[in-house]
Every structure is written in structure tokens, then in C-alpha cells.
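Student: One structure is given below, represented as C-alpha cells, and several questions about it will come after.
Here, each number is a calculation from the coordinates, and none is a lab measurement. Treat the numbers as computed from the prediction; the structure is a model and nothing was measured. With ideal geometry, Cβ positions are generated from the backbone for all residues, glycine too; neighbour counts draw on all protein chains shown.
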Amino acid sequence: MALNIATSHTDGPVTLHFQNRLTRVAGETIRGRVDLNVALAQEENLEHLRIKFRGTIRTQITTSNGNSTVDHNQTVVLIHTNLPLWSQGIAFPEPGSHILSCSFQFLLPESLPPSFHCWGWHRNATISYSLEVVGERVGFFRMNRRIRRPLSVIPAASQSQLLAKESLKQGWNGPWRDYICQEQKLRQGIWGDYSHARVKLKMPTMSSFPIATAIPFGLHIETKTKTMHISDSPVDKHGKPLFPALPALSSDVKLALHRRTEIRVRNRTRQVEDIFDLKGSLGDVTRVASVRQVVDEPEWIPTPGTTDEKGRGIWRRAVHFESEVSIPYAPTCSTETVDWQYDLRFVVPFPGIGNDLVLDVPIQLDPGSACPPPPVGTPGSSSITYADILPAGPPPLLDLPPSYWAGDHHAWDLDEKN
């Protein structure tokens with residue numbers, strides 16, 4: 001049975017062969033092979049070989065008391081599996097070979113939360129998963145042989161979530177919902193009359209959105225000058241638009257993901273707020289050409305109750321951006337000791353202090369990948385692959401910091417003696 005092995009990692013007599021796919025779906029079976037050079041293992045006094053799969057939620061809150069600090073930690077075990085592969089004198093390679101091949105497989109529980117990491121001053125939280133091969137050596141001052149592979153895990157998408165993702169991928173044909181930042185007063189300096197501006201966002205009418213999937217949207221920005229005479233054009237004597245000028249390019253508007261995380265360590269609670277720039281859409285100077293932009297002609301609106309001779313009124317201007325955004329972060333989740341929520345944040349800058357318009361739109365993120373079928377040859381298995389499951393393709397790689405993959409946050413003290 002082919003394992004579709006793409007990578008190998010070696011430490012002394014031990015080599016781990018494992019599929020080069022860092023993101024796994026809760027409920028799937030992960031599998032691979034460990035090769036042991038038995039002759040070299042005997043030289044190194046290797047007695048046992050085993051493989052472990054670990055998943056934990058680790059939270060930490062640090063408190064201060066005068067000049068000292070105290071770290072408060074809590075670890076929730078999600079999965080803690082040991083699988084023995086070999087013991088000295090129990091199994092031997094084929095005649096003429098020094099290599100003993102040991103295959104393995106683990107079934108990931110369906111209820112696993114997604115991989116996650118956040119950090120703030122005196123607080124942090126991590127949901128992490130990893131696979132580790134351990135070759136145990138006898139004798140004092142002999143370090144065990146270890147090969148560790150960190151993984152990320154996401155929950156499996158439900159059928160309705162998969163259909164929602166497919167609807168977006170095929171081009172959204174359903175209803176749209178408006179989110180409006182109410183008209184705000186803007187003033188270029190300390191004195192003078194007020195101008196006005198407002199922002200409206202249009203998104204598909206969906207209660208939640210799949211991660212790593214293009215979400216279409218339209219952003220409409222409207223400005224109104226202060227009251228002036230009709231002889232004043234919507235540009236000044238230098239040809240520049242009068243205040244408040246519309247964004248000239250899509251890169252002038254900022255689009256980010258705002259994440260609010262609550263961390264708990266028993267009776268202590270802290271919050272962490274993060275802002276992530278979202279590439280490939282508004283605010284990205286490299287993708288200006290991919291954003292559709294329409295600028296309306298300035299419209300003169302006379303002041304109600306005035307005569308034509310007085311000629312007082314305002315200039316109304318508007319710009320419309322159409323684009324899409326993909327969000328490669330962990331699905332919204334709530335666990336025993338950590339939970340998080342998201343907002344899409346649009347910022348339209350205008351000159352002057354406090355004149356930027358900010359529109360925060362709550363957004364729930366869902367998983368968007370189906371659980372793959374069990375391996376061929378196992379009960380309930382079939383010959384289908386990821387390509388046969390809508391939406392096609394393996395799960396996306398979550399946007400996790402380098403510290404997650406370094407693995408120094410993992411609670412190895414749980415099984416240091418095992």
C-alpha cells in the first residue's frame with residue numbers, strides 16, 4: 001500500500017517517513033513509516049522505539065507582586081497517544097538487510113479544536129499538535145534519539161459549510177447584506193464648518209464564512225464638502241480635490257483582521273487583541289490592479305431653502321471598490337481555557353486628527369475542508385482521495401507564527417518519563 005511519502009527525517013539509526021502535509025483535519029487518519037537501522041541501534045544501545053502523538057491547550061498568565069512575577073499555567077490534554085514500534089530482541093529485519101520498517105497510523109479525534117497561538121504582555125495561549133519518534137537508549141548520560149514533527153489541525157467542515165464554500169468559489173449569486181458606518185462629521189482644522197463622510201460595506205448574506213476562501217465584497221465611500229458657493233468647484237486652485245478628498249487608490253484604504261482572544265488559567269482571565277493585515281485586497285499596493293474601482297462624477301446639492309441667487313450647497317462625491325478577501329486564520333472557536341472572535345476592520349483615512357473612518361464588521365470563520373476518507377485497506381475505506389471531495393484539494397496551511405513550528409511551547413513535562 002503506497003503511503004504517498006514525501007519527506008524523511010533522520011536522527012542516528014532512526015528515520016521518519018511522513019507525508020509532507022502540515023495541516024490535518026480532525027477525524028482523519030494520519031500514517032507514515034519509521035525505518036530503524038538495527039545494527040546501528042545495537043551499537044548505540046537503543047532498547048525501545050515508539051512514536052507519540054500529542055495535542056494540548058496551554059495557557060499562561062503572569063502576575064506581578066512588587067518586584068517579582070509569578071507564572072500561572074494550565075494545560076488541557078487533547079490527545080496523548082503512545083504507539084510502541086520496536087523493542088530490542090523482539091523484531092529483526094529481513095535477511096541481508098539492517099533496516100526494519102515499522103508502519104504506524106493514528107486516528108485524530110473529530111472534536112479537536114484548531115491549532116492556535118497568541119501572545120500578549122504577561123499572557124499567551126497555544127493549541128498545538130505534534131508527532132514525535134523516540135528511540136530510548138540505556139545507560140547514564142545517553143540522550144534519547146528524537147525526531148519531532150509539529151502539525152496544525154483544523155476541524156472538519158460540515159456538509160453545509162462545504163456547500164457555502166462551493167457557493168463562494170463558483171461566484172456568489174445569493175443576497176447581499178449592508179454594513180454601514182454612520183455619517184461622521186469631519187473638520188480639516190480646529191475651526192470652520194464641518195464636512196461629512198460615510199462608509200458602506202456589502203457582503204454576501206451568510207452567517208459565517210469559510211477560511212482561506214475568497215469572500216467578495218463591495219466598499220462604498222461617500223463624502224460631502226462643507227457648505228460653499230456653487231462657483232467653487234470640487235477642486236481647489238491647484239487642481240486638488242477639496243476636503244474631504246476620496247481615496248485615490250484602493251491601497252489608500254486599509255483592510256485588516258481584528259482578533260479578540262480571551263485566555264483563562266483557572267480563576268484568572270486576560271484578553272489579547274491582535275491586528276493582522278490581509279493581503280491581496282484593499283490596502284495592498286501590489287494588488288491595486290486587481291481591485292475594481294469606480295469614481296462617481298461630483299454632484300452639486302443645493303442647500304434646502306436657499307434661492308438660486310445665493311448658490312449655496314455642497315459637493316457630494318463617491319468611490320466604489322469591489323474586491324475579495326481570503327482569511328487564512330484559525331476558525332472561530334471556544335474551548336475550556338481559550339476562545340477567540342474576529343472582526344473585519346476597514347479604515348478610510350482622511351487628513352486631520354481623528355478624521356479616519358473605521359468600520360468593524362463581526363465575522364465568524366468556519367472550517368472549509370472535508371475530512372479525508374480512511375486509508376485504503378482499513379474498515380470503511382474506499383479508493384477516493386481529496387480530489388473527490390468538494391471542495392477539492394488538501395486543507396490550507398493556517399497563518400501561524402514561527403514560534404508554533406519551533407515547538408518550544410509544548411508541554412512535554414506531561415510524559416517526560418514515558
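Student: Ranking 275, 30 by Cβ neighbours within 10 Å, fewest first, what do you get?
Tutor: Lowest to highest Cβ neighbour count: 275, 30.
Student: Kindly provide the chymotrypsin sites (Phe, Trp or Tyr not before Pro) of the range 105-181 that DSSP labels as loop, not H, G, I, E or B, and whose Cβ sees at most 16 other Cβ atoms within 10 Å.
Tutor: 121, 140, 141
Student: At a Förster radius of 51 Å, what calculated FRET efficiency corresponds to the Cβ-Cβ distance of residue 75 and residue 296, to the nearest 0.05?
Tutor: Calculated transfer efficiency: 0.35.
Student: Moving to a separate point now. Compute the signed sum of charges (Lys and Arg +1, Asp and Glu -1) over the other residues within less than 9 Å, Cβ to Cβ, of residue 101.
Tutor: 0
Student: When P(r) over Cα pairs in 20 Å bins from 0, in percent is calculated directly from the model, which label among [x] 21, 41, 26, 10, 2, 0; [y] 30, 59, 11, 0; [z] 25, 54, 18, 2, 1, 0 fits?
Tutor: Read-out from the structure maps to [x].
Student: Among 192, 164, 179, flag the residue with its Cα farthest along the positive direction of the charge dipole of the range 159-366, charges on Cβ as +1 for Lys/Arg and -1 for Asp/Glu.
Tutor: Sorting the options by dipole projection puts first 192.
Student: Mind listing the phi-derived Karplus ³J(HN,Hα) values for the range 347-364, rounded to whole Hz, using 6.51, -1.76 and 1.60 with θ = phi - 60°, and x for any glycine or proline?
Tutor: 10, 10, x, 10, x, x, 6, x, 8, 5, 8, 10, 10, 9, 10, x, 9, 9
Student: Distance from the Cα centre of the range 160-189 to that of the range 82-114, in angstrom?
Tutor: 49 Å
Student: Also: When only Cα pairs under 8 Å and 6 or more residues apart are kept, what is the percent relative contact order across the chain?
Tutor: 17 percent
Student: So who's got an amide H within less than 5 Å of the one on residue 47, skipping anything under 5 residues away but keeping other chains? H placed 1.01 Å off N, in plane.
Tutor: Hits under the 5 Å cutoff: 136, 137, 138.
Student: Compute the distance in nm between two label points, each set 7 Å from the Cα along the Cα-to-Cβ direction, one at residue 193 and one at residue 110.
Tutor: 6.5 nm
Student: Another question, then. Just to check I understand the Karplus step: with θ = phi - 60° and J = 6.51 cos²θ - 1.76 cosθ + 1.60, what whole-Hz values come out for the range 87-93, glycine and proline as x?
Tutor: Once rounded to whole Hz, the list reads 10, 4, x, 9, 9, 9, x.
Student: Let me ask another. Could you quote the convex hull projected area for the range 191-345, Cα atoms only and averaged over all directions, in nm²?
Tutor: 14.0 nm²
Student: Can you put 61, 230 in order, fewest other beta carbons within 10 Å first?
Tutor: Final ranking by Cβ density, sparse to dense: 230, 61.
Student: If you count, for each residue, the other Cβ atoms within 10 Å and average over each peptide, how do 96-102, 20-26 line up from highest to lowest?
Tutor: Packing order, densest peptide first, comes out as 20-26, 96-102.
Student: Sticking with this structure for a sec: What's the exposure ranking of 133, 265, 77, going from fewest to most Cβ atoms within 10 Å?
Tutor: 77, 265, 133
Student: Report, in degrees rounded to the nearest 10, the 0 to 90 angle that the Cα long axis of helix 159-169 makes with the longest principal axis of the chain.
Tutor: The angle comes out at about 50 degrees.
Student: Starting from 0.36 nm per residue, how many nanometres of slack lie between residue 205 and residue 353 once their C-alpha separation is accounted for?
Tutor: Taking 0.36 nm per residue and subtracting the Cα distance, the gain is 49.8 nm.
Student: Work out, step by step, the length gained on full extension between residue 67 and residue 341: first 0.36 nm times the residue separation, then minus their alpha carbon distance; give nm to one decimal.
Tutor: Contour length minus the Cα-Cα distance gives 95.2 nm.
Student: Next question, about the same structure. Could you list which residues have their amide H under 5 Å from that of residue 176, counting only those 5 or more apart in sequence or on another chain, with H placed in the peptide plane?
Tutor: So residue 176 has HN proximity to 205.
Student: Would you give the gap between the C-alpha center of the range 253-313 and the C-alpha center of the range 115-137, rounded to a whole Å?
Tutor: 36 Å
Student: Still on this structure: Applying 1/(1 + (r/R0)^6) with R0 = 41 Å to the Cβ-Cβ distance of residue 182 and residue 20, what FRET efficiency is obtained, to the nearest 0.05?
Tutor: My answer for the efficiency is 0.25.
Student: Note the full-extension length gain between residue 236 and residue 268 as 0.36 nm times their separation in residues minus their Cα-Cα distance, in nm to one decimal.
Tutor: Gain in length upon complete extension: 5.8 nm.
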